[in-house]
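Below is one structure, written out as structure tokens, with a few remarks after it.
The values are calculated or read from the model by the stated rules, or taken from the named source; none is laboratory data. Note that this is a predicted model, so its numbers are computed, not measured. Areas reflect the complete protein model, heavy atoms only, side chains present, ligands, DNA and RNA absent. Shrake-Rupley method; radii C 1.70, N 1.55, O 1.52, S 1.80 Å.
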Amino acid sequence: MKREDTVRNGHFLADRRWFFPIVIAGLIAGAIVTSSFIKAADYSLLCSVANTRSPQGVGKGSAAPIQLQAIIHYATSRITPQQNFREISVTFDVLEKRSPCNFLVFGLGYDSMMWTSLNPKGNTIFLEEDPKWVQTVLKDAPVLHAHPVKYRTQLKEADALLSHYRSEPSCFPSKAYLRGNDKCKLALTGFPDEFYDTEWDLIMIDAPRGYFPEAPGRMAAIFSAAVMARNRKGSGVTHVFLHDVDRRVEKVFAEEFLCRKYLVKSVGRLWHFEIPSAANMSSHGGAQFC
């Protein structure tokens, strides 16, 4: 999802370049691949996914226009999603059960068409810190639903922000809210109304940038995802996916706000949490999230 991965890696393996377009096609149009494009082990997995049936999921019925656009997009591009197949499969497994749903993605990038196509009848929006990057991506993929946003944190402030949260009542889980919460520095404020007014079923945190001191970091995104999950009014849990957990800040803030006890799967650099609403928690009146 992030441009930083492209900068760091500088290249993509040929098998990955062809593998992901085939995966997209298999998910939405059935088994339309040939073994010449993929390894035998991956082919057997793809066949099992492509044959999945669900009443409303992404594996049933004819392809939607956005899904067909995604096939063409990836089949004609030399750039592929940054998450690997195993990491993407974690989110796909949930989307297969929950789609159509409300899917919030922090970050806009090379995998955005894929996420949108895997939730064809749902609401998938992307939040991106760089307005110029939003224009660049939407120029090639105008069907995407993306908002440029501003963060008020910097990565170098991560430790200070943890201390702030522990002493600021408006950050406490029993009192925390997001829109207009200027006192809590970890609350995402000034975002589009859609961000606050929608109850999100899935939240993917793969942005903003968090690899140099002046970058916004993902501290506020992680905190705000926890607040939204706890404030959920509908049935079920909120699925939160956090990428780059090999980095210190992502890991520390995940353990502080998303909670180890709600971690259900760890694959590569991705953690998957299932967070219940506060009403369904055994204890939720303290000053800490976990």
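With a ≥ b ≥ c the root eigenvalues of the C-alpha gyration tensor of segment 131-271, is it rounded (a/c under 1.5), prolate (a/b larger than b/c) or oblate? Rounded is the answer for segment 131-271, as its axis ratio a/c remains below 1.5.
Quick check: at a probe of 1.4 Å, how many percent of the accessible area of segment 205-290 sits on carbon and sulfur atoms? So the carbon and sulfur contribution to the accessible surface is 50 percent.
Is segment 199-267 best put as rounded, prolate or oblate by its Cα gyration tensor, with a ≥ b ≥ c the root eigenvalues, rounded for a/c under 1.5, and otherwise prolate when a/b is larger than b/c, oblate when not? Judged from the Cα gyration tensor, segment 199-267 comes out prolate (a/c at least 1.5, a/b above b/c). Can you work out the accessible area per residue across segment 91-236, with the rest of the protein chains kept in place, probe 1.4 Å, in square angstrom? Accessible area per residue, segment 91-236: 40 Å². The relative contact order of segment 170-290 comes to 27 percent, based on Cα pairs under 8 Å that sit 6 or more residues apart.
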